[in-house]
Amino acid sequence: MTPSPRHPSVNLIAWDNGVGLSRDLVLIGDALASAGVSVSYTRHGRGKLRKIGRPIKARALTAWQFVLGGGPRFDFNIMLEHIWPEYLPWARHTAFIPNPEWCNAHDLAVLPRVSSILAKTHEAERIFAALGCRTRFIGFTSEDRFDAAVVRERAFFHLAGRSQNKGTEALLALWRQHPEWPLLTVVQNPKTARVADPVPNIRHLVDYLDDAELKRLQNAHLFHLCPSETEGFGHYLVEAMGVGAIALTLDAPPMNELVSRERGVLVTPVETGTQHLATTYGFTPEAMTQAIDTLANMDDATIAALGANARAWYLDNAAAFPARLISTITTQSPSDTI
């Protein structure tokens, strides 16, 4: 009689920062758990790791537990954004999910010690393959923010959050030069916001915004302006497409991997430099002005078609992500099947 295959065990390791990385931990953990994988968490920081709609109890592990256990207690470590070498002995294999723009000299020094790179974008796949790493594309996904009950409006929205890579300052400066443009709503963390004198066509929200109101704003605005300088993945791009909005971003990797002309609007980019392993981009006022005018004059039928394509892409991508992730684990360790 053939024994039943054993589900692999995975330890997710990351800085639990209360924003993007905390969200990534939940998304990866959910995808693994849906396939029967045993998931543990080693978290650093003061963020609140939570599932959508209900809390999650994380199993944080200590060095003493490892020592007393007598050797690797996991099949896999999966480390997010940075490599934590002190946890390498905890598992038989260690995979690294990097964000190239934050992959620093410390990470590069210990990069040969990880088993493989799991790339969220093809741009990351290209970067780490060029470094000689064993690299697998897994893609990624984002939370589904769709709410059909919210009335959609031909209005402009920019979700800057806490990131300083969203092209926010350049976008605000350009909007101030065009008082004839419609209202732009900007949501930004007060720690990174630079609030200037108010103008009638910019609503700059920098106070605490609860999640329900943020979700309403995401659904209410048909046009999401996302001129990212660089992205590890691009949650605000994917969330925009998930609600059926039209995302505007730069026609540069990895942003144009997510947003195509069949489901969004692309702006001609200009290279501005690098951030660690990533190339950064910006836009000229002329290129962005043309793109804004395109959105402002877009007919209803085109808006509906692009929005439907965006939502369909989001659903297809979200459905495919768990299988891609699980496939990387079973491929790396043929003896451990799910």
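Scanning segment 195-229 for residues that are assigned to a helix (DSSP H, G or I) and aliphatic (A, V, I, L, M) gives 212, 214, 217, 220. Among the β-branched types (Val, Ile, Thr) and either part of a helix (DSSP H, G or I) or touching a Phe, Trp or Tyr at 6+ places or on another chain (Cβ under 6 Å) (or both): is that true of residue 192 in this structure? In short, no. When you check residue 124 against the structure, is it outside the structural domain of residue 220 (by TED's automatic domain parsing), surrounded by fewer than 19 Cβ atoms within 10 Å (Cβ to Cβ) and of a type outside the set (Ser, Thr, Tyr), yes or no? It is false that residue 124 is outside the structural domain of residue 220 (by TED's automatic domain parsing), surrounded by fewer than 19 Cβ atoms within 10 Å (Cβ to Cβ) and of a type outside the set (Ser, Thr, Tyr).
The numbered conditions (1) touching a helix residue (DSSP H, G or I) at 6+ places or on another chain (Cβ under 7 Å); (2) outside any loop (DSSP other than H, G, I, E, B) are all true for residue 232 except (2).
Within segment 282-322, being small (Gly, Ala, Ser) and either touching a residue at least 12 places away in the same chain (Cβ under 8 Å) or surrounded by 13 or more Cβ atoms within 10 Å (Cβ to Cβ) (or both) holds for 282, 287, 291, 296, 304, 305, 307, 308, 310, 312, 318, 320. Applying the set (1) within 22 Å of residue 169 (Cα to Cα); (2) touching a strand residue (DSSP E or B) at 6+ places or on another chain (Cβ under 7 Å) to residue 278 leaves exactly one unmet item: (2). Every listed requirement among (1) among the hydrophobic types (A, V, I, L, M, F, W, C); (2) surrounded by fewer than 19 Cβ atoms within 10 Å (Cβ to Cβ); (3) out of contact with any Phe, Trp or Tyr (no Cβ under 9 Å at 6 or more places or on another chain); (4) outside the structural domain of residue 293 (by TED's automatic domain parsing) is met by residue 173 save one, (4).
Can you tell me which residue in segment 99-145 is nearest to residue 256 (Cα to Cα), limited to those that are in contact (Cβ under 8 Å) with a residue 60 or more places away in the chain and β-branched (Val, Ile, Thr)? Out of the qualifying residues, it is 121. Scanning segment 218-250 for residues that are touching a Phe, Trp or Tyr at 6+ places or on another chain (Cβ under 9 Å) and charged (D, E, K, R) yields 229, 239.
Note on segment 150-163: residues that are assigned to a loop (DSSP other than H, G, I, E, B) and surrounded by 14 or more Cβ atoms within 10 Å (Cβ to Cβ) total 4.
Restricting attention to segment 230-281, the residues being among the aliphatic types (A, V, I, L, M), under 24 Å from residue 97 (Cβ atoms) and surrounded by 22 or more Cβ atoms within 10 Å (Cβ to Cβ) number 11.
The values are calculated or read from the model by the stated rules, or taken from the named source; none is laboratory data. Just so it is clear, the model here is predicted, and its values are computed rather than measured. Don't worry about glycine lacking a Cβ; one is built from the backbone with ideal geometry, like all the others, and counts go over all protein chains shown.
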